[in-house]
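*Asks:* Please find one structure pasted underneath; my questions will follow.
Bear in mind that the values in this text are calculations on the coordinates, not laboratory data. Since the structure is predicted, the reported quantities are computational estimates derived from the model, not experimental observations. Neighbour counts run over all protein chains shown; Cβ positions are idealised from the backbone, glycine included.
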Amino acid sequence: MIDDVKAEAVQRMEKSLEALAHNFNKIRTGRAHPSLLDGLKVEYYGADTPLNQVANINVEDARTLSLTVWDKSMIPQVEKAILKSDLGLNPATAGEVIRIPMPMLTEETRRGFSRQARTEAESARVSVRNARRDAMAMLKELVKEKEISEDDERRGQEEVQKLTDGYVARVEKLLAEKEADLMEI
């Protein structure tokens, strides 16, 4: 019983870390990375379609992304979608390839991205704590239904708290790495 509660808590905490890593990938550093364009949608024959479904995204060098759009008539719409996004990117079309140079980050934008990273980390910590709260409630429910003893509940609570502390420490580590990456010139 306690192992099931712990396993569910671990699963939810892992999902929180995965979501944090995914959100960190969307925060732009000074380097080019295809995941920067993950959330971008392009109007493709009347339907909003993710950019990675209409084009091939490659890293040309450390500061440049290149897009090869499969349907050549879509190049203007792809350019427009990149310009309209709040990423601050200016695509340059060279024939059939769209190149996106990454602008240098100013100190102010680095601090803004760092604040955004801290906000994402805080929401991950809250998510981990919510998983702990739900696990503790399940343990109390098991005691109430007399499926486990109070000693087992206390032991289970201690184990869940250790798990929570470990996951919060992992969130802090990920945040420190992202902030160091952002502040690196």
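*Asks:* Spelling out what I want: for every residue of the stretch 106-113, take phi, set θ = phi - 60°, compute 6.51 cos²θ - 1.76 cosθ + 1.60 (Karplus), and round to whole Hz; glycine and proline get x.
*Replies:* With the stated coefficients, the stretch 106-113 comes to 7, 4, 5, 5, 4, 5, x, 5 Hz.
*Asks:* Another question, if that's okay. Could you derive backbone 3J(HN,Hα) for the stretch 168-182 from the dihedral phi with the Karplus parameters 6.51, -1.76 and 1.60 (θ = phi - 60°), listing whole Hz in sequence and x where the residue is Gly or Pro?
*Replies:* Karplus-based 3J(HN,Hα) across the stretch 168-182 equals 5, 5, 5, 4, 4, 5, 4, 5, 4, 5, 5, 5, 5, 5, 5 Hz.
*Asks:* Let me ask something additional. Suppose R0 equals 35 Å. What FRET efficiency, 1/(1 + (r/R0)^6) with r the Cβ-Cβ distance, do H33 and V10 give to the nearest 0.05?
*Replies:* 0.75
*Asks:* Let me have the 222 nm mean residue ellipticity of the chain computed from DSSP H runs of 4+ only, each contributing -39500 (n - 2.57), with the sum over all residues rounded to the nearest 500. Intermediate values should be presented prior to the final figure.
*Replies:* Details: 4 runs with 107 residues, N = 185.
Calculated at 222 nm, the ellipticity per residue is -20500 deg cm²/dmol.
*Asks:* Compute the length gained on full extension between T109 and K173: take 0.36 nm times their separation in residues and subtract their Cα-Cα distance, giving the result in nm to one decimal. Write down the numbers at each step before the final one.
*Replies:* Numbers: separation 64, 0.36 × 64 = 23.04 nm, distance 2.19 nm.
Taking T109 through K173 to full extension adds about 20.8 nm, to one decimal.
*Asks:* Among 64-72, 101-109, what's the highest-first ranking by average C-beta atoms within 10 angstrom per residue?
*Replies:* Most protected by this proxy first, the peptides run 64-72, 101-109.
*Asks:* Let me ask something else. Ordered by packing density, taken as the mean number of other Cβ atoms within 10 Å over each peptide's residues, highest first, how do 38-49, 7-18 rank?
*Replies:* The packing order, highest mean first, is 7-18, 38-49.
*Asks:* Right, here's the next one. For the stretch 70-143 and the stretch 149-185, what is the separation of their Cα centres, given in Å?
*Replies:* 23 Å
*Asks:* Next up: Name the long-range amide H neighbours of Y44: under 5 Å, sequence gap of 5 or more, or other chain; modelled H, no Pro or chain starts.
*Replies:* T49
*Asks:* Can I ask one more? Label points 7 Å out from Cα along the Cβ direction at E150 and L83: separation in nm?
*Replies:* With each label placed 7 Å out from Cα toward Cβ, I get 7.1 nm.
*Asks:* Next up: Step through the table entries K41/K72; K26/K178; K15/K41; K140/K173; K6/K173, compare each Cα-Cα distance with 20 Å, and write down the pairs that go over it.
*Replies:* On the way: K41/K72 17 Å; K26/K178 11 Å; K15/K41 25 Å; K140/K173 31 Å; K6/K173 23 Å.
Among K41/K72; K26/K178; K15/K41; K140/K173; K6/K173, the Cα-Cα distance tops 20 Å for K15/K41; K140/K173; K6/K173.
*Asks:* If you don't mind, there's one more thing I want to ask. Apply the Kirkwood formula to the stretch 35-181: the hydrodynamic radius equals the inverse of the mean of 1/r over all pairs of different alpha-carbon atoms; give it in Å with one decimal. Spell out each step's value before the answer.
*Replies:* Working: mean 1/r = 0.0521 Å⁻¹.
For the stretch 35-181, the Kirkwood estimate is 19.2 Å.
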